[in-house]
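Structure, as structure tokens:
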Amino acid sequence: RFQTLNSEATRLWENVNPDLLRAAGYSPEFFPRVNVYESEKECKVVMEIPGIEEKNLEITLQESLLIVKGTRKEPIGDIFNPIRMESEFGNFVRTIQLPMKVDQEKVVAQYKNGLLFVHLPKSQETLANTRKIEITSKTH
């Protein structure tokens, strides 16, 4: 239940209007969308970050926290005055609480077509502590 509560709290925080956060003094300039998937052996994080050069990304893992930092620069520069701006540029930081311990030595990240894929194999400890629970219709 704590994991569900934590996931919901994170989701609610991340869906707060960025303009309200900026008005409250919170500094990141945009919040890339993130999807987290889990299988028996690994967790995968997919982040939408088109227009970012790999050299402007930093990925760190602190126990079960994945932290992705980056900068998306405006491609036009300051020669033109914007008439309409729907894209967000600047710095971002995303901290993702993973649902398990990770084998840090085997983590791999790929950036392709504007998507960041982070493959996070579960640690041997996590795999050893995983047990499938049989479901029956009998009451005890």
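The values are calculated or read from the model by the stated rules, or taken from the named source; none is laboratory data. Since the structure is predicted, the reported quantities are computational estimates derived from the model, not experimental observations. Note: ideal-geometry Cβ built from the backbone for every residue, glycine included; neighbour counts use all protein chains shown. Accessible surface is based on the protein model in full, side chains and every heavy atom, while ligands, DNA and RNA are left aside. Shrake-Rupley method; radii C 1.70, N 1.55, O 1.52, S 1.80 Å.
Of the residues making up region 31-44, those that are under 22 Å from residue 129 (Cα atoms), outside any loop (DSSP other than H, G, I, E, B) and open to solvent by less than 90 Å² (accessible area, probe 1.4 Å) are 36, 42, 43, 44.
Here is the figure for region 92-103: residues that are open to solvent by 60 Å² or more (accessible area, probe 1.4 Å) and without any contact (Cβ under 8 Å) to a residue 60 or more places away in the chain total 2.
Somewhere in region 122-132, is a residue on the phi > 0 side of the Ramachandran plot and surrounded by 12 or more Cβ atoms within 10 Å (Cβ to Cβ)? No, that holds for no residue. Among the residues making up region 66-91, a single one is among the hydrophobic types (A, V, I, L, M, F, W, C), surrounded by 11 or more Cβ atoms within 10 Å (Cβ to Cβ) and at pLDDT below 90: 89. Considering the conditions (1) open to solvent by 90 Å² or more (accessible area, probe 1.4 Å); (2) farther than 24 Å from residue 30 by Cβ; (3) touching a residue at least 24 places away in the same chain (Cβ under 8 Å); (4) of a type in the set (D, E, K, R), residue 106 is excluded by exactly one of them, (3). Looking at the structure I just gave you, is residue 114 open to solvent by less than 60 Å² (accessible area, probe 1.4 Å), out of contact with any Asp or Glu (no Cβ under 6 Å at 6 or more places or on another chain) and free of Cβ contacts under 8 Å to residues at least 60 places away in the same chain? So residue 114 fails the test. Selection of region 82-101 for residues being more than 15 Å from the chain's Cα centre (by Cα), within 25 Å of residue 62 (Cβ to Cβ) and of a type outside the set (Gly, Ala, Ser) yields only 101.
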